[in-house]
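The values are calculated or read from the model by the stated rules, or taken from the named source; none is laboratory data. Because the structure is predicted, anything quoted here is derived from the model rather than measured. All Cβ positions, even for glycine, are placed from backbone atoms using ideal geometry, and neighbour counts span all protein chains on display.
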Amino acid sequence: MISTDKRDEILALLREGKATNTEIAKSTGVPLRSVGAIEANLTRGAYDGATALQSEEASDALEATFGLERDLQVALRNNIEQLKENLTVADGGKEHSVPSGRIDILAKDAKGAAVVIELKAGTADRDAVGQILSYLGDIRSESKKPVRGILIAGDFTARAISAAKAVGNIKLMKYAFKFSFHKADQG
């Protein structure tokens, strides 16, 4: 958790607009994803008229979401074969930048077609389908080859499912966690 003073320092730097998030993270000693969470809340107006506690709770929730998505991405990169798609990671191990944003994972299938993989913590709405569609358009413009998408989330709204059905080249997949507990040997 970030102190109120540190958050206020980051907010001041973001409002000035003279430094990048990476520069702000380095100068304040705060993780980049925390700076991103504060910036996202600032953009949404979470700090306008909200109490310090409300702002801190919103920032913590957004940071947890970013953290979960990052953890999902690392796990999937290391276990891409779990998608049962004969995929290989094709982005050099980092998010691929395109005009409309950053693709979580860019992969190739057995036929060499690009596969855009977008991860969402929690439930994905039709906005997530719109996001992956913009990435598909960017990749299609770059390579002129076939491209398809996989949207992975904990669950999907009915609107997301309908939107994905309408376009046809986006597969929806749910992630799940499986914990196993064993009695520790207490010697």
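So which residues in the range 85-115 are of a type in the set (Gly, Ala, Ser), more than 17 Å from the chain's Cα centre (by Cα) and surrounded by fewer than 22 Cβ atoms within 10 Å (Cβ to Cβ), if there are any at all? Spell out the reasoning first.
Residues of the range 85-115 that are of a type in the set (Gly, Ala, Ser), as a first pass: 90, 92-93, 97, 100-101, 107, 110, 112-114.
Keeping just the survivors that are more than 17 Å from the chain's Cα centre (by Cα) gives 90, 92, 110, 112-114.
Once the filter is applied, which keeps residues that are of a type in the set (Gly, Ala, Ser), more than 17 Å from the chain's Cα centre (by Cα) and surrounded by fewer than 22 Cβ atoms within 10 Å (Cβ to Cβ), the range 85-115 yields Ala90, Gly92, Ala110, Gly112, Ala113.
Take the conditions among the hydrophobic types (A, V, I, L, M, F, W, C), outside the structural domain of Gly36 (by TED's automatic domain parsing), modelled with pLDDT of 90 or more and touching a strand residue (DSSP E or B) at 6+ places or on another chain (Cβ under 8 Å) and apply them to Ala107. Does it pass?
Spelling it out, Ala107 is indeed among the hydrophobic types (A, V, I, L, M, F, W, C), outside the structural domain of Gly36 (by TED's automatic domain parsing), modelled with pLDDT of 90 or more and touching a strand residue (DSSP E or B) at 6+ places or on another chain (Cβ under 8 Å).
Restricting to the range 72-82, name every residue that is farther than 16 Å from Gly112 by Cα and surrounded by 12 or more Cβ atoms within 10 Å (Cβ to Cβ).
Within the range 72-82, Leu72, Gln73, Ala75, Leu76, Arg77, Gln82 qualify.
Do you know which of the residues in the range 116-142 that are surrounded by fewer than 19 Cβ atoms within 10 Å (Cβ to Cβ) and not in a helix (DSSP H, G or I) is modelled with the highest pLDDT?
That would be Asp125.
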